[in-house]
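What follows is a short report on a single structure.
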Amino acid sequence: MSNQYITIDQAVQKIEQANDLFIKNKANYRNRPVDKIRKVGEILLKNKQEYARVISEEMGKPVFESIAEIEKSALNCEFYAEHADEFLKDRKYSTERYEATVRYEPLGVILGVMPWNFPFWQVFRFAVPTILAGNTIVVKHASNVPKSAQIIEEIFLEAGFEEGFYFNLSLESKYIQTIIEHPFIKAVSLTGSEKAGSSVASIAGKEIKKSVLELGGSNAFIIMDDADLDKIIDKAINARYRNAGQSCIAAKRFLVQEGIYEEFLTKFTPKVKALKMGDPFDESTEIGPLARIDLAEELEEQVNKSVEMGAKILVGGKRKDAFYEPTILTEVTSEMPVFKEETFGPVAVVSKIKTFEEAVELSNLTTFGLGVSICSVNVDKYTDKAHLFDEGAVFFNELVRSDPKLPFGGVKKSGFGRELSEDGIREFVNTKTIVVSKA
């Protein structure tokens, strides 16, 4: 499916229609379309094979991962259908002087600017809670996943949503500023690059409109001497190489304490070598192509520059078209591009550390702050030190992952605001205080 853009005038018409629908439904905003959201989840599961093929066709993800993405999107629908009323119920307060209510009311039309790496999941984790809060939404999806973008709109219509609850804006990126500036757009959520986030937040800020940003990450995966490698080695593989490493929350820097360093590489290396790269529609494929050739070329340049600075290629390091081999780099220092920049592909950077304090220092030595993993059998020794990490999430003996039940987001240049859980559904509401005097 080639990308057929609509005009800016057509996009504005859709925004106006979404606003008209919001106004029409505002008086009854607490009659949440829970049954329709559940229907969305049912449609996702019923057609997961078909939708997974579309994802894999458009951005190269192995089909088994695409199926898992559809299933997770359906899980998100069920989670919010069950909990939306609870998350948004009025809060009551009483004193000798007044009775007060805090109420969560919708804002209006919310814009979502969505990425290509998880073309269904990223949209559904934004759209489902935002709609259940009473808003209507318009989505500007990534230009290289146009069929995924269109299918998502069709799913909402098939589930019984009136046209205007969810609009896909197949629009050129140059018009995003115009869309954000439109008076009917009340807020914007963006998942994407640091550059895109900075631009969108600047425009929204100028218009005094709220923005939620989920941007890049350079997560550390810290392995202490007392870690149980047999339990965490597969998690380490999944943390780096899932979706061919094209994930903001992927583990990009492995910081391994010196006492376990050689053992880790001995167990990690053969598993990386064994990862099957190839046709994403082959169910045995574990590493597909990167989403675009230019992304593979950028990764290749980061690796080559780091090798020139002294990094050693232990495994992989070769590119063919959009395919980049699963790679391990050792003897990496903090000055190298593969350490200080976000690597969006299947490249694991392994550095030796002496102490936990050094791990904290190196983990924080990045402009990003999305998440960190810490592996140790003595978790109690480190849980009270979680505050030392400048991150949105700290996972022990587990890879960083998003879960509908838990708030998700980062600090520093990884963005601001939260998605998922009750925190996520309250991002795009007016938290209104209502006071009645007893005097």
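Check the straight Cα-Cα distances from K14 and name the aspartates and glutamates below 20 Å, setting aside those fewer than 8 residues away within the same chain.
Qualifying aspartates and glutamates at Cα under 20 Å: E153, E154, E158, E162, E163, E172, E181.
Sequence gap at least 6, Cα distance under 8 Å: using those rules, report the relative contact order of the range 216-338 to the nearest whole percent. Walk me through the numbers on the way to the answer.
On the way: 182 pairs, mean separation 25.8, N = 123.
With pairs under 8 Å counted, the relative contact order is 21 percent.
Measure up K61/K140; K92/K438; K231/K267 against 18 Å on the Cα-Cα distance and list the ones that go over. Don't skip to the answer; put the middle values down first.
Values: K61/K140 21 Å; K92/K438 15 Å; K231/K267 11 Å.
In this structure, K61/K140 exceed 18 Å between Cα atoms.
I need the phi-derived Karplus couplings for the range 35-48: 6.51 cos²θ - 1.76 cosθ + 1.60, θ = phi - 60°, integer Hz, Gly and Pro marked x.
5, 6, 5, 4, 5, 4, x, 5, 5, 4, 5, 4, 10, 4
Past 19 Å, Cα to Cα, is the threshold; run K186/K210; K26/K72; K273/K318; K340/K413 against it and keep the listed order. Before the final figure, lay out the partial values.
Values: K186/K210 7 Å; K26/K72 30 Å; K273/K318 13 Å; K340/K413 13 Å.
Too far apart for the 19 Å limit: K26/K72.
Of F184, V315, G371, whose Cα points farthest to the positive end of the dipole of the chain (charges on the beta-carbon: +1 Lys, Arg; -1 Asp, Glu; origin at the Cα centre)?
F184
Of the options I37, Y51, N19, report the single residue whose Cα projects farthest towards the positive end of the charge dipole of the range 3-52 (beta-carbon charges: Lys, Arg +1; Asp, Glu -1).
So the residue furthest toward the plus end is I37.
Can you work out ³J(HN,Hα) from phi for every residue in the range 313-329, in order, using Karplus 6.51 cos²θ - 1.76 cosθ + 1.60 and θ = phi - 60°, giving whole Hz and x for Gly and Pro?
So the J values, rounded to whole Hz, are 8, 8, 9, x, x, 10, 10, 9, 6, 8, 8, 10, 4, x, 10, 10, 10.
Rounded, prolate or oblate: which one fits the chain, using the alpha carbon gyration tensor with axes a ≥ b ≥ c (rounded when a/c is under 1.5, else prolate when a/b beats b/c, else oblate)?
On the way: a/c = 1.99, a/b = 1.46, b/c = 1.36.
Since a/c reaches 1.5 and a/b is larger than b/c, the shape of the chain is classed as prolate.
Counting Lys and Arg as +1 and Asp and Glu as -1, each charge on the Cβ, what is the dipole of the range 125-177 about the Cα centre in debye, to the nearest 20?
Working: 4 positive and 6 negative charges, 64 e Å.
I would put it at about 300 debye.
Keeping every protein chain in place, order S56, S94 by accessible area at 1.4 Å, biggest value first, i.e. largest first. List each step's numbers first, then the result.
On the way: S56 5, S94 75 Å².
Reading off the accessible areas and sorting them downward yields S94, S56.
What figure in square angstrom, to the nearest 10, would you give for the accessible area of L190 with a 1.4 Å probe?
Only protein atoms counted, so the area is about 10 Å².
Residues of the range 84-108 with backbone nitrogen within less than 12 Å of a virtual label 7 Å along the Cα-to-Cβ line of N430, please, listed as ranges.
103-108
So what J values fall out for the range 189-202 if you push phi through Karplus, 6.51 cos²θ - 1.76 cosθ + 1.60 with θ = phi - 60°, rounded to Hz, Gly and Pro as x?
Ordered by residue, 3J(HN,Hα) equals 10, 10, 10, x, 7, 4, 4, 5, x, 4, 5, 5, 5, 5 Hz.
Assuming R0 = 56 Å, what is the FRET efficiency of K305 and I23, from their Cβ-Cβ distance, to the nearest 0.05?
Values: r = 54 Å, r/R0 = 0.96.
Given R0 = 56 Å and the Cβ-Cβ separation, E is 0.55.
If each DSSP helix of 4+ residues adds -39,500 (n - 2.57) and the sum is divided by the residues in the chain, what number results at 222 nm, nearest 500 deg cm²/dmol? Show your work: numbers first, answer last.
Details: 14 runs with 176 residues, N = 439.
So the calculated ellipticity at 222 nm is -12500 deg cm²/dmol.
Putting +1 on Lys and Arg Cβ atoms and -1 on Asp and Glu Cβ atoms, find which of A291, F268, Q257 reaches farthest to the positive end of the dipole of the range 210-291.
Sorting the options by dipole projection puts first A291.
Pull up the cross-link candidates among the aspartates and glutamates for K235, meaning alpha carbon to alpha carbon under 15 Å and not fewer than 8 places away within one chain.
Here the aspartates and glutamates satisfying the reach criterion relative to K235 are E286, E398.
Rg and Dmax of the range 318-394, using alpha carbons, in Å: what are they?
14.5, 46
Percent antiparallel among DSSP beta bridges with both residues in the chain, to the nearest 5?
Details: 23 of 62 bridges.
Just about 35 percent of them are antiparallel.
Where a ≥ b ≥ c are the square roots of the eigenvalues of the C-alpha gyration tensor, would you call the range 304-350 rounded, which needs a/c under 1.5, or, failing that, prolate if a/b is larger than b/c, or oblate?
Values: a/c = 1.85, a/b = 1.53, b/c = 1.21.
Prolate, because a/c is 1.5 or more and a/b exceeds b/c.
Can you give me the relative contact order of the chain as a percent, contacts being Cα pairs under 8 Å and 6 or more apart?
Working: 948 pairs, mean separation 83.7, N = 439.
After rounding, I find 19 percent.
Using Cα positions and a limit of under 21 Å, work out the lysines in reach of K385, with same-chain residues fewer than 8 apart set aside.
Within the straight-line cut-off, K385 pairs with K352, K354, K412.
The values are calculated or read from the model by the stated rules, or taken from the named source; none is laboratory data. Nothing here was measured: the structure is a model prediction, and the numbers come from that model. Cβ atoms come from the backbone with ideal geometry, glycine included; neighbour counts cover every protein chain shown. The accessibility values were calculated without ligands, DNA or RNA, using every heavy atom of the protein model including side chains. Shrake-Rupley method; radii C 1.70, N 1.55, O 1.52, S 1.80 Å.
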